[in-house]
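What follows is a short report on a single structure.
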Amino acid sequence: IMIQNGITNFVSLLDNIMVGRVGTEQMTGVAIVNQLIFVFNLAIFGAVSGAGIFGAQYYGKGDWDGVRQTFRFKLLVCTALTVLGAGIFLLFGEDLILLYLKGDGSPEQIAASLGYAKEYLLIMLVGFLPYGLSQAYSSTLREADRTVVPMRASIYALVLGVVLNYLLIPVLGVAGAALATVLSRFAELGMNAWWTHTH
């Protein structure tokens, strides 16, 4: 479980590292947005973990209807948090980013970092829903004593993210990093959902 959560969070750190090769303003913009998105990730983690207490109890009793109800709750709360998070970032994203851009740096550097951050954030918003749904699947699988499945999906998503970052960042810059992360989130969701529904 720790490995899987570490890998999931490493995907965002990967963008920071690989965008750092492009330029300082790009790296600053990506790092700020990833700090803000981390709060969204914590909200998703808290929601699925809280519901997971019930899911584990239902699974332990063999109450499959209870497990399904818990999973449905996770899907609903993750979808609601996605809508809420996306709404906050769409309405107040620039203001939140500017909170981090006070201090050293010329106005041109601040404006450039803000532009890169907004570009990265808009693409990353697409990845909110697959991230939330994937966490709902992953936590349910872990509660059902299938811990290797979500870990394997996270590893594949990480490898895909590395490859896509390597290919897309030189061509698209910050947008390439965001696109690589979003695609890896969809891949992780697809693998978790496929395994769950076929087994």
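Relative contact order for the chain: 32 percent, from Cα pairs under 8 Å spaced at least 6 residues apart, divided by residue count. Where only DSSP H runs of four or more residues are counted, the chain gives -31500 deg cm²/dmol as its mean residue ellipticity at 222 nm, each run worth -39500 (n - 2.57).
To the nearest 20 debye, what charge dipole does segment 103-199 have about its Cα centre, counting +1 at the Cβ of each Lys and Arg and -1 at the Cβ of each Asp and Glu?
On the way: 5 positive and 6 negative charges, 62 e Å.
Its charge dipole is roughly 300 debye.
When the accessible area of the chain is split by element with a 1.4 Å probe, what percent falls to carbon and sulfur? If you can, show how the numbers build up before the last one.
On the way: 6970 of 9980 Å².
That share works out to 70 percent.
In Å², and per residue, what accessible area does the chain have when probed at 1.4 Å with the other protein chains present? Provide the component values of the computation, followed by the final result.
Working: 9980 Å² over 199 residues.
Dividing the accessible area of the chain by its residue count gives 50 Å².
Summing charges over neighbours of Ala51, with a neighbour being any other residue whose Cβ is under 13 Å away from its Cβ, gives +3 when K and R count +1 and D and E count -1.
Using the crude model of +1 on Lys and Arg Cβ and -1 on Asp and Glu Cβ, and no other charge, please compute the dipole size for the chain relative to its Cα centre, in debye to 20.
Values: 11 positive and 12 negative charges, 114 e Å.
The calculation lands at about 540 debye.
When all protein chains stay in place and ligands, DNA and RNA are ignored, the 1.4 Å accessible-area order of Lys74, Lys61, largest first, is Lys61, Lys74.
Once fully extended, how much extra length lies between Leu167 and Leu13, figured as 0.36 nm per residue of separation less the alpha-carbon to alpha-carbon distance?
On the way: separation 154, 0.36 × 154 = 55.44 nm, distance 1.72 nm.
Value of the extension gain: 53.7 nm.
Would you list Phe73, Phe45 from the most to the least accessible area, probe 1.4 Å? Don't skip to the answer; put the middle values down first.
On the way: Phe73 110, Phe45 90 Å².
My answer, sorted largest first, is Phe73, Phe45.
The value of relative contact order for segment 1-98, using C-alpha pairs under 8 Å at least six residues apart, is 22 percent.
The values are calculated or read from the model by the stated rules, or taken from the named source; none is laboratory data. Please read these numbers as outputs of a predicted model, since none were measured by experiment. Using ideal geometry, Cβ is built from the backbone for each residue, glycine included, and neighbour counts are taken over all protein chains shown. Accessible surface is based on the protein model in full, side chains and every heavy atom, while ligands, DNA and RNA are left aside. Shrake-Rupley method; radii C 1.70, N 1.55, O 1.52, S 1.80 Å.
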